[in-house]
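The values are calculated or read from the model by the stated rules, or taken from the named source; none is laboratory data. Quick caveat, the model's predicted, so the values are computed rather than measured. Ideal geometry is used to build each Cβ from the backbone, glycine not excepted, and the neighbour counts take in all protein chains shown. For accessibility, only protein heavy atoms count, side chains too; no ligands or nucleic acids. Shrake-Rupley method; radii C 1.70, N 1.55, O 1.52, S 1.80 Å.
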Amino acid sequence: MDKIDFRNNEIGEITRLFLSNGFSLQKIKNFRKSFRTGNFTKIHEMKGVRGFDKISSLLPFMTLKIFDSIRDNEGNEKFIFLTHDDLKIESIFMPGKSGFSICISTQAGCRMNCRFCKTGISGLKRNLMACEILEQLRLIYLSRIHPNKIDCVTFMGMGEPFDNLENCRLAFEWINSEWGYQVSREKITFSTIVTNNFIQILNWKRLPNLAVSLHSSDEKRRTELIPSSLKDLKEIKALLTRYTEMTGKQLTVEYCMLKGINDTEKDANELAEYLKDLKCKVNLMNYNTINGLDFSPVSPIVLQEFREILKKQGIPVLIRKSLGTKINAGCGQLG
Ligand code: SF4
């Protein structure tokens, strides 16, 4: 087992540890429930599981500190967590009509350097361990959701999941499992710019949903905006097509409208052409202004017209309202 936190291991390991220490399946079930719902900061503080004392020393456990939290009047809340080495990471809790959603970070900072993103400016401090990715969820659950269930989880906060893929895979399995929060795989999404290790995910036994940051179907312009992505749009499309064929899932294509950059009728027509035989829906978002960055949002009319062009060409498209912008928790505003 991992010396820092047992949640950095494969999900099956924890059950094996309990079974090999003589725990019955019923006791393991009790432990899982206490683990999900207990408000403890050290594993040995966990109460109400008979016989647990003898095994707790085999379960190192590391938590995050809640450094700060800011709530807007719609109930969205940004949490700032402090890691054991004093790095700040951010997560967002969003109550919605269809349930409780949490957007979590996968890295402290990010090295992808997307030009319109605040997280990208500060660079990468380090990858988060699987336990740190999970701990964001556990602490928000205890603080805002308990005793209800978590409905949706997006790996869309600070960081690029594919730049920390193994830890994200472990966290994905835990979140989906009975040890975690039994969030359906259909409700767990990784957001990616599509990096050159994208192909690795196609070997996983179980796959999350994907939200792909496209932002332009002009290769040169997209590379300027997202310099660390795979550059060849044909190659990206081939990979995404393989993903949809393997999983049967519909991709989400994220398109952030940037005034004077990717917002013309021509851009919309080219985007529709690029996406026409891909199983996807487009989330159209307006840019969230970030101090110090030279980008602006488009007008509501331009946003509507862009949507209409995609719609007329048969591309499923939604204008997505960015939540939490008043507390700097909108897309691209973390850091
Ligand atoms: S948009 Fe995502 S991948 Fe790009 S710099 Fe920001 S956090 Fe990193």
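Summary of computed values
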quantity	calculated
Candidate set from the range 220-248 (those that are among the small types (Gly, Ala, Ser) and within 16 Å of the ligand (Cβ to nearest atom)); member that is least open to solvent (accessible area, probe 1.4 Å)	SER229
Top-ranked residue of the range 141-154 - restricted to ones that are more than 16 Å from the ligand (Cβ to nearest atom) and not hydrophobic (A, V, I, L, M, F, W, C), ranked as least open to solvent (accessible area, probe 1.4 Å)	TYR141
LEU137 being open to solvent by less than 10 Å² (accessible area, probe 1.4 Å) and more than 16 Å from the ligand (Cβ to nearest atom)	yes
Residue that is in contact with a Cys (Cβ under 8 Å, 6 or more places away or on another chain), outside any helix (DSSP H, G or I), within 11 Å of the ligand (Cβ to nearest atom) and open to solvent by less than 40 Å² (accessible area, probe 1.4 Å), where the choices are GLY157, GLY120	GLY157
Where a residue in the range 113-139 is at positive phi and touching a residue at least 24 places away in the same chain (Cβ under 8 Å) and its partner, wherever it lies, is assigned to a helix (DSSP H, G or I) and buried (at least 20 other Cβ atoms within 10 Å of the Cβ), with Cβ under 8 Å and at least six apart	ASN113/GLY120
Single condition ILE199 does not satisfy, out of (1) away from the ligand (no atom under 14 Å from the Cβ); (2) in a loop (DSSP other than H, G, I, E, B); (3) surrounded by fewer than 20 Cβ atoms within 10 Å (Cβ to Cβ)	(2)
Selected residue (only one of ILE70, ILE102 is in contact with a Lys or Arg (Cβ under 7 Å, 6 or more places away or on another chain), within 15 Å of GLY157 (Cβ to Cβ) and β-branched (Val, Ile, Thr))	ILE70
Residues within the range 220-244 that are small (Gly, Ala, Ser) and assigned to a helix (DSSP H, G or I), tallied	1
Some residue of the range 165-183 being open to solvent by less than 30 Å² (accessible area, probe 1.4 Å) and within 14 Å of the ligand (Cβ to nearest atom)	yes
Per-region count, the range 308-329, residues at pLDDT 65 or above, part of a loop (DSSP other than H, G, I, E, B) and within 16 Å of the ligand (Cβ to nearest atom)	3
The range 61-75, residues that are closer than 16 Å to SER105 by Cα and not small (Gly, Ala, Ser)	THR63, LEU64, LYS65, ILE66, PHE67, ASP68
In the range 95-113, residue nearest to CYS131 (Cα to Cα) [restricted to those that are near the ligand (Cβ under 8 Å from one of its atoms) and open to solvent by 30 Å² or more (accessible area, probe 1.4 Å)]	ARG111
Lone unmet requirement of (1) closer than 23 Å to LYS88 by Cα; (2) open to solvent by less than 30 Å² (accessible area, probe 1.4 Å); (3) within 16 Å of the ligand (Cβ to nearest atom) for SER213	(1)
Which listed residue is open to solvent by 50 Å² or more (accessible area, probe 1.4 Å), in contact (Cβ under 8 Å) with a residue 12 or more places away in the chain, under 30 Å from CYS103 (Cβ atoms) and not aromatic (Phe, Trp, Tyr), from LYS88, LYS27, LYS78	LYS88
